[in-house]
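Okay, so here's the structure we're looking at.
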Amino acid sequence: MEHASAQYRGFMYLVWEKRFSDSKNSVVPTDLAKIVWLEHMDDELSYDNFCQELFGEYLQFRESSKKDESMEYQQAISFI
């Protein structure tokens, strides 16, 4: 579970970082990060507070049609 949580934290970091970049690349979670993300969203109050603190707004989950994970994410999770 710690590995999945680390991937989720890495993914959220990339989402946060992307807000300040001009990159057109998508940030796509790994399957494990997606599971933790959805579990976090189940705790609505905790997730809403988390989003407000980190992003200043609610971060919606949107299923991606892409199967490939972004190279940036692959590099980021390799350092976790």
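The values are calculated or read from the model by the stated rules, or taken from the named source; none is laboratory data. Predicted, not measured: the structure shown is a model, and the values here were computed from it. Cβ atoms come from the backbone with ideal geometry, glycine included; neighbour counts cover every protein chain shown.
With (1) at pLDDT below 90; (2) surrounded by fewer than 17 Cβ atoms within 10 Å (Cβ to Cβ); (3) part of a helix (DSSP H, G or I); (4) within 11 Å of the chain's Cα centre (by Cα) as the list, and Tyr73 as the residue in question, which single condition is left unmet?
So Tyr73 meets the others, but not (2).
Give the residues of region 11-36 that are part of a helix (DSSP H, G or I), among the basic types (Lys, Arg) and over 15 Å from Glu63 (Cα atoms), sorted by residue number.
Result: Lys18, single match.
Pairs needed: first member in region 16-31, more than 16 Å from Phe55 (Cβ to Cβ); second member anywhere, assigned to a helix (DSSP H, G or I) and among the polar types (S, T, N, Q); C-beta distance under 8 Å; at least 6 residues apart or different chains.
Within 8 Å, the pairs are Thr30/Gln7.
Does Glu39 qualify as being in a loop (DSSP other than H, G, I, E, B) and at pLDDT 90 or above?
no
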